Amino acid sequence: MVLVIVFGVALLVAVLLSGLAARSVLSTSLLFLVGGALVSDGFLGLIHITPDSDIVRVTADLALFAVLFTDGMHVSFPALRQAWRNPARALGLGLPLAFIGVALLAHFLVGLDWTTSFLVGAVLAPTDPVFASAIVGREEVPARLRQLLNIESGVNDGLALPFVLIFIAAAAPTGHAEDVGFASIGGELLLGLVFGVTLPLLVHWLVRFRLLGAEPRLQPLLPLAVAVILYAACHLTHANPYLAAFSAGAVIVAVAPEARTAFEPLGEALAELAKFAALLVFGALLTPHLFGELPIGGYAVAVLAIFLIRPASLLLSLVGTDFDRKEKLTAAWFGPKGFASVVYGLLVLQAGIPQGEEAFTLIAVTIAFSIVAHSSTDVPIARLFDVEKLVGIPDDDKKPRRRVPSRGADSGTPGDQGTEGRPG
């Protein structure tokens, strides 16, 4: 119950400071991360969470499912068809380059074996503007830049997931690897995709019957019901719930766009709560002992991954595009290791692989450094584009404006052209 109180207090403080956070270097995501660390065994000792605690596994599982489900509902296939070239460069060239670059650093500077090194690369390659929302939440920042970051962050989590699972299986001890082989992973991914596509289509088909349909106040619960059934079905059948969640969200918005409008306020609030809870738990694992276990080479990897690998990989992928120098540098810098990396890191820790603890320590420190670096630089860099006011923050004369997500929220969506933030 202490953990519940801590979460409630952190949530209250985050809400009260969200307006200030939208204008400053303050980050609500960082608040939950630091809050979890302060009440853990490493500091105040109010809560006792270990890597093998059930709460770690449950919060990570639920949070990633919720985030991917809502992210899927922000995929716009028409928008992707119209503006796919630059995001395709970032995903097709920038993502693999970052993946390989981090893996090389992990192997040569930390001494991890090649399989575990590539696992670390797969975990840290995805980006997420959840910690850089001031960039994608400002109208005056070029739309194509916001769109690039939106589409890249909305898709790369799902692209990295199969590689994370494959390398976890490959790094597992021999006996365990026989139980969780590549064929098994492929079957789980395929079954998750089938569930994620067929269940929303089935529900959409049922809704079209004349005698069926939800009244307006209950319409937001229809996608929620799909998500609950899908989550349970995946765990009962060992289908991959994360791929199922993302594909289900994309199918729902494709066949029933009105469902997104009805579900968005509820879904985004639930996803935000899930993310904050997982960040709090993740923060509780960031003890002084954990930071003390990382060798000097590990800190070098964390710094180079943030300041060299991501910027260089994206700059190379954008060579020949019509982005100007300022836009390229901004896009290259804002590659924070976001929420998917947090959850994937917990999956690595729970997998029981030989070098899992070393890998998790490296992943955790890199994520912590990224949260601090990116969530404290989004507002100053956004102002380089001559931006004075955030979208949605009222003017001094109290004129209403559109809302902007808190600094702990995800950014806009692939289909929104980045002109509106959404609560993450």
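The values are calculated or read from the model by the stated rules, or taken from the named source; none is laboratory data. Note that the coordinates shown come from a computational prediction; the quantities given were computed from them, not determined experimentally. Methodologically, a virtual Cβ is constructed for each residue, glycine included, from the backbone with ideal geometry; neighbour enumeration extends over all protein chains shown. To get the accessible areas, we keep the full protein, side chains included, count just its heavy atoms, and leave off ligands, DNA and RNA. Shrake-Rupley method; radii C 1.70, N 1.55, O 1.52, S 1.80 Å.
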### Query
Separation between the Asp322 and Arg81 pseudo-spin-labels, each 7 Å from Cα along Cα→Cβ, expressed in nm?
2.1 nm
### Message
Can you work out the Karplus-derived ³J(HN,Hα) for every residue in region 107-113? Use 6.51 cos²θ - 1.76 cosθ + 1.60 with θ = phi - 60°, whole Hz, and x for glycine or proline.
### Response
6, 7, 9, 10, x, 5, 5
### Query
At a 1.4 Å probe, what is the % contribution of carbon and sulfur to the accessible area of region 1-129?
73 percent
### Query
Which whole-number value in Å² is the accessible area per residue of region 147-266, probe 1.4 Å?
51 Å²
### Task
Enumerate the calculated ³J(HN,Hα) couplings along region 367-378 in order (Karplus 6.51 cos²θ - 1.76 cosθ + 1.60, θ = phi - 60°), each rounded to whole Hz, writing x wherever the residue is Gly or Pro.
4, 4, 4, 5, 4, 5, 5, 7, 6, 9, 10, 5
#### Entry: Share of carbon and sulfur in the accessible heavy-atom surface of region 182-228 [1.4 Å probe, %]
73 percent
### Task
First check a/c for region 28-75, with a ≥ b ≥ c the square roots of the eigenvalues of its C-alpha gyration tensor; if it is under 1.5, answer rounded, and if not, answer prolate when a/b is larger than b/c or oblate otherwise.
oblate
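Taking a ≥ b ≥ c as the square roots of the eigenvalues of the Cα gyration tensor of region 208-276, is the shape rounded (a/c under 1.5), prolate (a/b larger than b/c) or oblate? Before the final figure, lay out each step's value.
On the way: a/c = 1.86, a/b = 1.31, b/c = 1.42.
The shape class here is oblate.
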#### Entry: Relative packing of 342-355, 87-100, 197-210, which averages over residues the other C-beta atoms within 10 Å, highest first
342-355, 87-100, 197-210
### Query
Once phi is turned into ³J(HN,Hα) by the Karplus curve 6.51 cos²θ - 1.76 cosθ + 1.60 with θ = phi - 60°, what whole-Hz value does each residue of region 184-196 show in order, with x for glycine and proline?
5, 5, x, x, 5, 5, 5, 5, x, 5, 4, 4, x
